[in-house]
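Chemist: Sharing a structure here in structure tokens format.
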Amino acid sequence: MPVDENIKRILEEIGDKTLVCVTKTIEPERINEAIRAGATIIGENRVQEYEDKSEKILPCETHLIGHLQTNKVKRAVEYFDVIQSVDSLKVINNIDTRAGDIDKVQRVFLQVNIGNEPQKHGFRLDRIKEVINEIRSLQNIRVEGLMCIPPFVPAEQTRPYFQKMKALFDEMKQENGGNIDIQELSMGMSNDYMVAIEEGATMVRVGSAIFGERKY
Ligand SMILES: *Cc1c(COP(=O)(O)O)cnc(C)c1O
């Protein structure tokens with residue numbers, strides 16, 4: 001199906017939830033089709049790839065959703081409205097410093113390794129509260145949400161991971177105050193975004209259901 005029809009269908013399906021249109025590997029012209037059809041936020045995995053495409057993309061909000069290396073933090077802070085993939089204290093402190101350099105308050109989400117998978121990035125669920133307490137004094141970041149990428153299993157089997165994230169989300173919202181302002185729960189991708197919404201996602205990240213299978 002054409003990109004514009006996919007966007008319209010998905011926006012209708014998700015109702016008042018927020019769509020992040022995942023545009024990794026996608027050419028600017030097709031990204032712009034999605035924006036014209038109603039996508040307001042795009043998600044990219046790599047700083048460099050977005051930098052290369054950015055001038056050709058229509059105005060929209062930009063989210064970084066892929067692992068961020070320390071040496072790319074400066075440019076990530078320059079280019080992205082929200083960094084969803086914050087996965088270590090080291091990177092948070094770096095973001096705070098770089099954002100301070102350009103008088104920005106960088107909006108971030110904390111990435112949770114909800115399946116405790118050794119190969120995946122993200123904080124362990126049982127560390128999130130401690131992390132929040134360690135970053136309360138940082139002046140140039142604002143924590144606005146939690147995000148996760150559950151283990152790669154069939155859609156129905158992701159439900160327990162989404163439920164754990166929702167419980168964590170509700171608990172961590174109690175910590176709000178100062179630079180901690182957790183309002184978004186970013187979870188669910190092309191194959192399971194409706195399951196994620198049923199379990200409490202406020203934001204879904206969808207790529208291939210919009211653009212078709214990615215060609216690398
Ligand atoms: C690629 C990607 C998505 C979108 O995946 P699809 O299955 O194509 O919808 C969502 N989140 C992250 C972090 C991704 O890397």
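The values are calculated or read from the model by the stated rules, or taken from the named source; none is laboratory data. Please read these numbers as outputs of a predicted model, since none were measured by experiment. When we count neighbours, we look across all protein chains shown, and the Cβ atoms used for this are built from the backbone with ideal geometry, even at glycine. Ligands, DNA and RNA are excluded from the accessible area calculation, which covers all protein heavy atoms including side chains. Shrake-Rupley method; radii C 1.70, N 1.55, O 1.52, S 1.80 Å.
Chemist: With the requirement that a residue be among the hydroxyl-bearing types (Ser, Thr, Tyr) and out of contact with any Gly (no Cβ under 8 Å at 6 or more places or on another chain), what does region 81-133 give you?
Modeler: Answer for region 81-133, where residues must be among the hydroxyl-bearing types (Ser, Thr, Tyr) and out of contact with any Gly (no Cβ under 8 Å at 6 or more places or on another chain): Ser88, Thr97.
Chemist: Could you check how many residues of region 144-188 are touching a Gly at 6+ places or on another chain (Cβ under 7 Å), within 16 Å of the ligand (Cβ to nearest atom) and either open to solvent by 50 Å² or more (accessible area, probe 1.4 Å) or closer than 20 Å to Leu11 by Cβ (or both)?
Modeler: Of the residues in that region, 4 qualify.
Chemist: For region 33-58, which positions are under 12 Å from Phe211 (Cα atoms) and under 20 Å from the mean Cα position of the chain (by Cα)?
Modeler: Across region 33-58, the qualifying residue is only Ala34.
Chemist: Restricting attention to region 15-33, which residues are closer than 16 Å to Met203 by Cβ, more than 13 Å from the ligand (Cβ to nearest atom) and in contact with a helix residue (DSSP H, G or I) (Cβ under 7 Å, 6 or more places away or on another chain)?
Modeler: Lys17
Chemist: State whether one or more residues within region 201-214 are more than 16 Å from the ligand (Cβ to nearest atom) and either of a type in the set (A, V, I, L, M) or open to solvent by 10 Å² or more (accessible area, probe 1.4 Å) (or both).
Modeler: no
Chemist: Does Thr97 satisfy the criteria of being more than 15 Å from the chain's Cα centre (by Cα) and within 17 Å of Leu68 (Cα to Cα)?
Modeler: Criteria met by Thr97.
Chemist: Turning to a different aspect of this structure: Which one is surrounded by the most Cβ atoms within 10 Å (Cβ to Cβ), of the residues in region 134-143 that are closer than 11 Å to Gly178 by Cα and not β-branched (Val, Ile, Thr)?
Modeler: Applying the filter and picking the extreme gives Leu138.
Chemist: From the list Gly122, Gly115, Gly100, exactly one residue is touching a Pro at 6+ places or on another chain (Cβ under 8 Å) and not β-branched (Val, Ile, Thr). Which is it?
Modeler: Among Gly122, Gly115, Gly100, only Gly115 is touching a Pro at 6+ places or on another chain (Cβ under 8 Å) and not β-branched (Val, Ile, Thr).
Chemist: Also, I was wondering about something else. I need every pair where a residue in region 117-133 that is at pLDDT 95 or above has its Cβ under 7 Å from the Cβ of a residue that is open to solvent by 60 Å² or more (accessible area, probe 1.4 Å) and assigned to a helix (DSSP H, G or I), sequence separation at least 6 or different chains.
Modeler: The qualifying pairs are Leu125/Lys164.
Chemist: Provide a single number: the residues in region 123-132 that are in contact with an Asp or Glu (Cβ under 8 Å, 6 or more places away or on another chain) and either charged (D, E, K, R) or surrounded by fewer than 13 Cβ atoms within 10 Å (Cβ to Cβ) (or both).
Modeler: Of the residues in region 123-132, 1 are in contact with an Asp or Glu (Cβ under 8 Å, 6 or more places away or on another chain) and either charged (D, E, K, R) or surrounded by fewer than 13 Cβ atoms within 10 Å (Cβ to Cβ) (or both).
Chemist: From Leu125, Leu138, Leu110, which residue is in contact with a Phe, Trp or Tyr (Cβ under 7 Å, 6 or more places away or on another chain) and not charged (D, E, K, R)?
Modeler: Leu110
Chemist: In region 59-74, what residues are outside any strand (DSSP E or B) and either hydroxyl-bearing (Ser, Thr, Tyr) or open to solvent by 60 Å² or more (accessible area, probe 1.4 Å) (or both)?
Modeler: Pro59, His67, Gln69, Thr70, Asn71, Lys74
Each row is one residue, and each column tells you yes or no for (1) among the hydrophobic types (A, V, I, L, M, F, W, C); (2) open to solvent by 60 Å² or more (accessible area, probe 1.4 Å); (3) without any contact (Cβ under 8 Å) to a residue 60 or more places away in the chain; (4) part of a strand (DSSP E or B).
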site: Ile7; (1), (2), (3), (4): yes, no, no, no
site: Glu12; (1), (2), (3), (4): no, yes, yes, no
site: Cys21; (1), (2), (3), (4): yes, no, no, yes
site: Lys24; (1), (2), (3), (4): no, no, no, no
site: Arg30; (1), (2), (3), (4): no, yes, no, no
site: Glu33; (1), (2), (3), (4): no, yes, yes, no
site: Gly38; (1), (2), (3), (4): no, no, yes, no
site: Gly43; (1), (2), (3), (4): no, no, no, yes
site: Gln48; (1), (2), (3), (4): no, yes, yes, no
